[in-house]
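Have a look at the structure below before the remarks.
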């Protein structure tokens, strides 16, 4: 099966938001829906075959995948819901929380996770592979969760009083989602503390790029904050860089903190805006085939660059930051990134449901597999708990000199600009006669 890069997503985080409009697959499916209602066993086999053809681990987690097929096809299914339950049970044997089945509503919700108009609280969540805890990867800026003070790496202990112990990711997302104006109570663990947040759901419009012109000691600095790699992120990034170039900035700070990732092609497109040449990322499937993406000599700028990262910088953020670091294009400042190095293909099924299949892992240009490891920044600057609390209460301080990570990034960028300027101004004195 050929898989378009534009259909690949990185990691398996999920937005706790709900679709206002239905997009993509699930619209013209009446014949397929009727067929699979009459023969839900066919749906089970369709999912099995997708895994059989495409799953990244050819051993299927040391499971006899042919025997699994026989087991589930010998069963009788009285309804679609029974088939859905069987599919989820079947996929659990892979021990991969990122390969998952979505019923039609969950699939429609997923389709607008990276673009469109959303409703919810505005957090992206994941499930820890070892502990099964539901984790906040990052709150989305200018959303109810962000405004309430929810932070990256918070553990969601309960939703409206219902414990998340043993809960799967889709169930957690569906409990958090809801209509505009309704409330949801999240019980979070942060370090040794347990915190309760009553959050009102709202309509969320996501613009992933923000930028501003800053006066620096050596001249104008461009500050760009990228909050997720959505379908419109590359267009907005190019517009931001061009607008700042028009103002004759002399360097950039790119802020990827709290960016949970998104679309693979978006990260590649944005990397090419900063890199003129060199490898961006390699993907490796179960046959070991390497698909290498490279820069195409169309960088928008070659000015000095410092990138801010933290534990909420995941998947596509790690592709971009890893490419910039390995190609010596940027200095990374902050803390270790999240560690999501897997690629999923999301496929629609004829009854309107869908399945996300882990089809590959990715490597940085130097060959690093960062899954579960993350990327270590060149300069480590930790934020104190008081800083985190303060920034969650007053986000206007983020990306200012009151932000220790930003302040360090600005210091490093200023040093780079000075070194470049001094090198450009070196004049060899003529010999005296």
Sorting 401, 50, 256 on the 10 Å Cβ count, fewest up front, what's the list?
401, 50, 256
Suppose each label sits 7 Å from its Cα in the direction of the beta carbon; what would the residue 397-residue 59 distance come out to in nanometres?
5.0 nm
Measuring from label point to label point, each 7 Å out along Cα→Cβ, what is the residue 415 to residue 71 span in nm?
5.7 nm
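Could you line up 182, 315, 348 from fewest to most neighbouring Cβ atoms inside 10 Å?
Lowest to highest Cβ neighbour count: 182, 348, 315.
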Based on the Cβ-Cβ distance from residue 389 to residue 212, what FRET efficiency comes out when R0 is 25 Å, to the nearest 0.05?
0.55
Compute the helix-to-body angle for 404-424: its Cα long axis versus the longest principal axis of the chain, expressed 0 to 90° and rounded to tens.
50 degrees
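Give, in nm to one decimal, the length gained when the segment between residue 180 and residue 200 is fully stretched (0.36 nm per residue of separation minus the Cα-Cα distance).
On the way: separation 20, 0.36 × 20 = 7.20 nm, distance 0.76 nm.
Gain on stretching residue 180 to residue 200: 6.4 nm.
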Compute the distance in nm between two label points, each set 7 Å from the Cα along the Cα-to-Cβ direction, one at residue 81 and one at residue 328.
6.2 nm
Please work out how much length the chain gains when fully extended from residue 192 to residue 369, using 0.36 nm per residue of separation minus the C-alpha to C-alpha distance, in nm with one decimal.
60.6 nm
In whole Å, what is the distance between the alpha-carbon centres of segment 238-282 and segment 303-361?
13 Å
State, as an integer percentage, the relative contact order of segment 209-421 based on alpha-carbon contacts under 8 Å between residues 6 or more apart.
19 percent
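Using the 10 angstrom Cβ neighbour count as an exposure proxy, how do 408, 372 rank, fewest first?
Ascending number of Cβ neighbours within 10 Å: 372, 408.
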Give the Rg/Rh ratio for segment 272-386, taking Rg as the radius of gyration of the Cα atoms and Rh as the Kirkwood radius, to two decimals.
1.04
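So what is the 222 nm mean residue ellipticity for the chain from helices alone, if each DSSP H run of at least 4 adds -39500 (n - 2.57) and you divide by all residues, rounding to the nearest 500 deg cm²/dmol?
The helix contribution divided over the chain gives -9500 deg cm²/dmol.
Report relative contact order for the chain in percent, whole number only (criteria: Cα-Cα under 8 Å, sequence separation at least 6). Present the calculation step by step, with values, prior to reporting the outcome.
Working: 942 pairs, mean separation 77.8, N = 433.
Normalised by residue count, the contact order of the chain is 18 percent.
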Kindly express, to the nearest 10 degrees and within the range 0 to 90, the angle between helix 316-326's C-alpha long axis and the longest C-alpha principal axis of the chain.
40 degrees
At a Förster distance of 22 Å, what's the computed FRET efficiency of residue 378 paired with residue 298, Cβ-Cβ distance as r, to 0.05?
0.25
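Read-outs throughout are calculated quantities, based only on the coordinates presented, and are distinct from any laboratory measurement. If you're wondering where the values come from, they're calculated on a predicted model, not measured in any experiment. Heads up, the Cβs are rebuilt from the backbone with ideal geometry, glycines too, and the neighbour counts pull from every protein chain shown.
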